[in-house]
Amino acid sequence: MYDEEALKPIRAQLESARDQLDRALARLKSFDEVRFLRWRCTDCGYIKHFTRPMPAEVAPPCPKCDSKSFVAV
């Protein structure tokens with residue numbers, strides 16, 4: 001029915017738009033995870049520092065009291 005050569009630019013544009021949307025959605029999903037540079041131990045108050053934002057799972061154990069409970073600072 002339609003000439004395939006005429007539809008190629010439209011298909012390329014739609015695929016490009018889909019790729020851009022997929023990348024944008026992936027970035028939005030990464031913001032769902034809470035990340036901070038500093039985490040404070042809830043038991044002893046020690047503040048653990050990082051050079052880049054990290055999730056809470058990376059902070060434990062506390063080097064002072066071996067606690068596994070941290071909150072963002």
For this session: Quick one: what are the phi-derived ³J(HN,Hα) couplings along the stretch 56-73, Karplus 6.51/-1.76/1.60 with θ = phi - 60°, whole Hz, x for glycine and proline?
Result: 4, 5, 7, 5, x, x, 5, x, 8, 10, 6, 6, 10, 10, 10, 10, 6, 10
For this session: Go through (1) 23, 14, 11; (2) 50, 9, 8; (3) 19, 13, 11 and flag the label whose value is the computed semi-axes √(5λ) of the Cα gyration tensor in Å for this structure.
Result: (2)
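Using helices alone, I'd like the mean residue ellipticity at 222 nm for the chain: each DSSP H run of four-plus residues gives -39500 (n - 2.57), total over residue count, nearest 500. The partial results should precede the final answer.
Numbers: 1 runs with 27 residues, N = 73.
Mean residue ellipticity at 222 nm (helix-derived): -13000 deg cm²/dmol.
For the stretch 1-49, run through the chymotrypsin sites (Phe, Trp or Tyr not before Pro) and keep only the ones in DSSP coil with at most 12 other Cβ atoms within 10 Å of their Cβ.
On the way: sites: TYR2, PHE31, PHE36, TRP39, TYR46; in loops: TYR2, PHE31, TYR46.
Those that pass, being in a loop and sparsely packed, are TYR2, PHE31.
Can you give me the relative contact order of the chain as a percent, contacts being Cα pairs under 8 Å and 6 or more apart?
Numbers: 75 pairs, mean separation 18.7, N = 73.
Answer for the chain is 26 percent.
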Exercise. Using 1/(1 + (r/R0)^6) with R0 = 25 angstrom and r between the beta carbons of GLU57 and ALA26, what's the FRET efficiency to the nearest 0.05?
Worked result: 0.80
For this session: Quick one: what are the phi-derived ³J(HN,Hα) couplings along the stretch 34-44, Karplus 6.51/-1.76/1.60 with θ = phi - 60°, whole Hz, x for glycine and proline?
Result: 6, 10, 9, 7, 10, 10, 9, 5, 6, 8, 10
Problem set entry | Sites CYS65 and VAL34, calculated FRET efficiency, Cβ-Cβ separation with R0 22 Å, nearest 0.05 | 0.45
Exercise. Given DSSP loops and a limit of at most 15 other Cβ atoms within 10 Å, what is the longest stretch of the chain that contains no such trypsin sites (Lys or Arg not before Pro)?
Worked result: 1-34
Exercise. Around PHE36, which amide H atoms from residues at least 5 apart in sequence, or from another chain, sit under 5 Å from its own amide H, with H modelled in the peptide plane?
Worked result: MET54
Seminar exercise, completed: Diffing the stretch 8-18: the Karplus 3J(HN,Hα) column from phi (6.51, -1.76, 1.60, θ = phi - 60°), in whole Hz with x for Gly and Pro, holds 4, x, 5, 4, 4, 4, 5, 5, 5, 5, 5
For this session: Count the net charge of all other residues whose Cβ sits under 14 Å from the Cβ of ARG52, scoring Lys and Arg as +1 and Asp and Glu as -1.
Result: +2
Problem set entry | Amide hydrogen neighbours beyond the local backbone of THR42, cut-off 5 Å, H modeled | SER69, PHE70, VAL71
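None of the figures in this text is laboratory data; all of them are computed from the coordinates on show. Just so we're clear, the structure is a prediction, and the values are computed from it rather than from any experiment. Positions of Cβ are backbone-derived with ideal geometry, glycine not excepted, and every protein chain shown enters the neighbour counts.
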